[in-house]
Amino acid sequence: MTLRYVGKGVRRVDGADKVTGQAMFVSDITVPRMLHARVVRAGVPHARIISLDTTEAEGMPGVRKVVTGQGCGILFGTCLWDQPPIAVDRVRHAGEPVAVVLAMTEHQADQAARKVKVEYDPLPFQLDPVEAARPGAPLIHERNGSYRRVEYIVRSEAGTNIFHHYKLRKGDAAAGFAAADVILEEHFEFPLSSHCSLEPHGAICRFTQGGDIDMWASNQAPFVVRDVLADMFKIPVTRIRVRVPYLGGGFGGKSDVSIEPLVAYAASQVPGWAVKLVLTRKEAITSSLIGRGMMGRMKIGARKDGAFVALEAEMYFADGAYGDTSWPVVTVAGHNCTGPYEFPSCKVDSYGVYTNSPPVGAFRGYGHPEGQFMLGRMIDLLARKLGIPQGDLMRRNFLCEGRRNGLGQEIKRSHGDLFACLDKVEAAMAGTPLPPEDDRYLYGRGMAAMAKSPKMAANAASTAYLQISNDGSVFVNLAGIEMGQGCQTAFTQIAAEALKVPIERIRMYREVDTQFTPWEWQTVASMQTYRGGRAILQACEKAVELLRLNASLVFDCPVDEVEYDGDACFRKGMPANRLPVASLARGYMFGNGLTVGQPVQATGTYRVNGITEPDPETGMGNAAGSWTFGVQAADVRIEKATGRIDVLHFASCFDPGRVLNPVTIRGQVAGGVVQGLGAALMEKLEFGPDGVIRNANFGPYRIPTIDDMPGKLTIEFVETPNPEGPWSAKPIGEHPIVAVAPTILNAIGNATGTEFTRMPVRAADVLDALRRKEGV
């Protein structure tokens, strides 16, 4: 079948708006009767609030209200209700809000916020999740275990700081290790980091005098925000409207509620006024959601021939002051730490631990980078211990048809081809030989494989609404949030292909609005093209059937005798007698005004069927509906005198089923690789001895720039047909970041002979290791 748009490098439909500055973000929005908010933050990691004096602030020019937590009895969440929108009598991290000043201008709010006086009684604080999880550690939440929660999936341990414990038990791990010829064990650390989206979090909220809530938010999950607000204020969701314009990046940091409950609570104190809050960069790092933060241990047993027999892992996540946004990451990291390999037996324990740091939420890869960082490093170490080429060891244990993953799910051929991905990456690296060591530089090569499944609620679904207009153009409405990943372009390609119409005639609704947009769970898990695309396909199929039905009434024939070619409907064998789509879009009107048929508008819905939550005792089950596999490799150069690390060549190959747009998918892979380099070589939130983040701004918190790009990027794809996504397309957005860290650290180990198991690995770390080897 010849395709017109799928598989083609179609120009982004949102490109012109963004490069000309016409794209609308939350910070661009102004509404009547709008107050500006400035938040007073705790500044201490853990303390009781002794006194809070807002008198002077309330008397400042332009101040309408100073909101505090006095009398606030609200705890919000989606599966674990443990967080107030504003501190009440205790602060649990330094960025927690203790007061919100509402004033006519930003400057007035800022000046008044400086006049709020807070007195604290300091409490012991915890930043290390292993220490915080120990019996007898000072409790951050005395009510842990008694908070309202979905008990089947959130497994809290009362009397401790462990708010969630996921365990995976597959086979008999003890027997597996007993049968192993070789056992390898190591400890790892993946630090806390910031998403660093170009656009900081922002929200505007108004409580009408009639009690309705109207909100604009830079958020990936407007329907979740709506549900959380409805639960907070005990009003029907039909009285809440949440709108999301363009998002300036998310990377998971906007996929959960973060500042929206605070802004809504402040707005509830000034009915009739709108309240606007846009975080500063410092606040985005210290006072919204952050990511990662894992300390772990992994042990692998293997036979002499390289066959894996057992895996054991423990992961402790420093999940911050509140746990609702991080417990699923803990679960996913646990059941995906086996990666793209078959282990006959597994024993995995993954812990979400309260710590006195900002709450952790989703971050690109969603638990996969943390667990598979350990795994990718272990495979490299194990290959050398066994004396087997790493590629051969990987092939010996790859998931493939008939094998079972850690969840116990059987892999099918259509799930992807790791062997072909590895072949392409090895060929790419062979084409650029690694230089030999010289007086100035060391050189090393590393490789790692990955597997990612989307984490979603079992009832997650996408819904699309489609309308064909009286000129034949097509309007599509779907709640997939465009945040730079290109989903609206993919949606447009899918609709144009399915309807066989010029792509210029497809129009995606730009703003997501819960009052008008069909329900969508969340724009997360790299699922929009996969799940949203299937919803659009279904809507297109229904629309075509309506066109054929309308035409059958005109032709006075059975509908199965009517054909459609994108431009018109006609009877089989009579293509000259055509009814243009435009004439059928609202039903067909005869010359005398008689109209038959109906307006052509349709909805489509797609849900990955059969998904369940993992069994609470074994951790196994049908908890993943799709996989995308991939392999990555890198060559690095290390300067002996300084420890400087340069990535000379980075190669990636993924099996996304079908490449819908070769231009945008390359952008996704290149971006994921560079973001992964930041994690491996640069990024870490640094806490001072006072428990406060020290590098809460760009500059001290370094992220990759154009100067840190690999000298050469190879990006390849394998396309394995499958019945899952539209034209076999599967998720790909998060996947390029998953294996970057182990790939780079494997390369550094290959160059230096020193095995790094903590990130980031900076020049100073490498130089120190080189000097230790030299006895300096």
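The values are calculated or read from the model by the stated rules, or taken from the named source; none is laboratory data. Predicted model only: the values in this text are computed from it and were never measured. With ideal geometry, Cβ positions are generated from the backbone for all residues, glycine too; neighbour counts draw on all protein chains shown. Only protein heavy atoms, including side chains, enter the accessible area calculation; ligands, DNA and RNA are left aside. Shrake-Rupley method; radii C 1.70, N 1.55, O 1.52, S 1.80 Å.
Couple of notes before you dig in:
- Paired Rg and Dmax values of segment 397-541, which use every Cα atom, in angstrom: 21.5, 73
- Per atom type, segment 529-614 shows carbon and sulfur on 51% of its accessible surface, probed at 1.4 Å.
- Theoretical ellipticity at 222 nm over the chain - DSSP helices of four or more residues, -39500 (n - 2.57) apiece, nearest 500: -7500 deg cm²/dmol
- Taking the inverse of the mean reciprocal distance over all distinct Cα pairs, the Kirkwood hydrodynamic radius of segment 171-229 comes to 17.2 Å.
- Accessible carbon and sulfur surface of segment 637-776 relative to its total accessible area, %, 1.4 Å: 51
- With semi-axes defined as the square roots of five times the eigenvalues of the C-alpha gyration tensor, the equivalent ellipsoid of segment 515-596 measures 32, 15, 9 Å, largest first.
- C-alpha center-to-center spacing [segment 454-500, segment 638-663] in angstrom: 31
- Working note: Cα atoms of segment 227-319, range along each principal axis, descending, whole Å: 72, 33, 24.
- Sequence-distant lysines (8 or more away, or on other chains) whose Cα lies within less than 20 Å of LYS117: LYS65
- For the chain, with +1 on Lys and Arg beta carbons and -1 on Asp and Glu, the positive-most of TYR354, MET34, ILE259 along the dipole: MET34
- Cα-based Kirkwood hydrodynamic radius, segment 1-76, one decimal, Å: 18.7
- Counting only the Cα atoms, the chain fills a convex hull of 177 Å³ per residue.
- The charge dipole of segment 41-157, taken about the Cα centre with unit charges on the Cβ atoms of Lys, Arg (+1) and Asp, Glu (-1), comes to about 200 debye, rounded to the nearest 20.
- FRET efficiency for the pair GLU142 and GLN598, taken as 1/(1 + (r/R0)^6) with r the Cβ-Cβ distance and R0 = 56 Å, rounds to 0.40.
- For a 4.7 Å threshold on C-beta separation, the list of partnerless cysteines in the chain reads CYS72, CYS79, CYS196, CYS205, CYS337, CYS346, CYS400, CYS487, CYS540, CYS557, CYS569.
- Projecting the Cα atoms of GLY291, PHE650, THR54 onto the charge dipole of the chain, computed from C-beta unit charges around the Cα centre, puts THR54 farthest toward the positive end.
- Pairs of Cα atoms nearer than 8 Å and 6+ residues apart set the relative contact order; for segment 511-585 it is 18 percent.
- Among the listed pairs LYS8/LYS412; LYS170/LYS299; LYS282/LYS684, those beyond 18 Å (Cα-Cα): LYS8/LYS412
- Farthest towards the positive end of the charge dipole of the chain, among the residues TYR120, ILE300, ALA175, is the Cα of TYR120, using unit charges on the Cβ of Lys, Arg, Asp and Glu.
- 24 Å Cα-Cα threshold exceeded, pairs from LYS254/LYS455; LYS18/LYS500; LYS347/LYS730: LYS18/LYS500; LYS347/LYS730
- Extent of segment 569-620 along its three principal axes (Cα atoms, max minus min coordinate, largest first): 70, 28, 13 Å.
- A simple spin-label model places the labels of THR55 and GLU541 7.0 nm from each other, with each point 7 Å out along Cα-to-Cβ.
- For segment 628-740, the solvent-accessible area with a 1.4 angstrom probe is 33 square angstrom per residue.
- Using a Förster distance of 22 Å, the FRET efficiency for ILE703-ARG758 (Cβ separation, nearest 0.05): 0.70
- Per residue, the solvent-accessible area of segment 491-586 (1.4 Å probe, heavy atoms of protein chains only, all protein chains present) comes to 40 Å².
- Segment 1-72 versus segment 85-101: alpha-carbon centroid distance in Å: 17
- Relative contact order for segment 5-157, counting Cα pairs under 8 Å that sit 6 or more residues apart, in percent: 30
- Computed from point charges on the beta carbon alone (+1 for Lys and Arg, -1 for Asp and Glu), the dipole magnitude for the chain about its Cα centre is near 600 Debye.
- log₁₀ of I(q)/I(0) at q = 0.13, 0.14, 0.28 Å⁻¹ - segment 247-291, Debye sum with one point per alpha carbon: -0.34, -0.39, -1.09
- Take the Cα of ARG510, go 7 Å toward its beta carbon, and the backbone nitrogen atoms of segment 448-484 under 17 Å from that spot belong to 475-484.
- Check: segment 170-284 dipole with +1 on Lys, Arg Cβ and -1 on Asp, Glu Cβ, in debye: 920
- Expressed as a whole percent, the accessible area of segment 205-358 that falls on carbon and sulfur atoms is 52 (1.4 Å probe).
- The chain - percent relative contact order, Cα under 8 Å, separation 6 or more: 15
- Here segment 332-380 and segment 384-402 have alpha carbon centers that stand 20 Å from each other.
- Coarse-grained scattering of segment 659-776 at q = 0.11 Å⁻¹, given as base-10 log I(q)/I(0) from a Debye sum over alpha-carbon atoms: -0.52
- Positive minus negative residues near THR54 (Lys, Arg vs Asp, Glu; Cβ under 14 Å): +2
- Its convex hull of Cα atoms gives segment 273-366 a direction-averaged projected area, equal to a quarter of the hull surface, of 8.0 nm².
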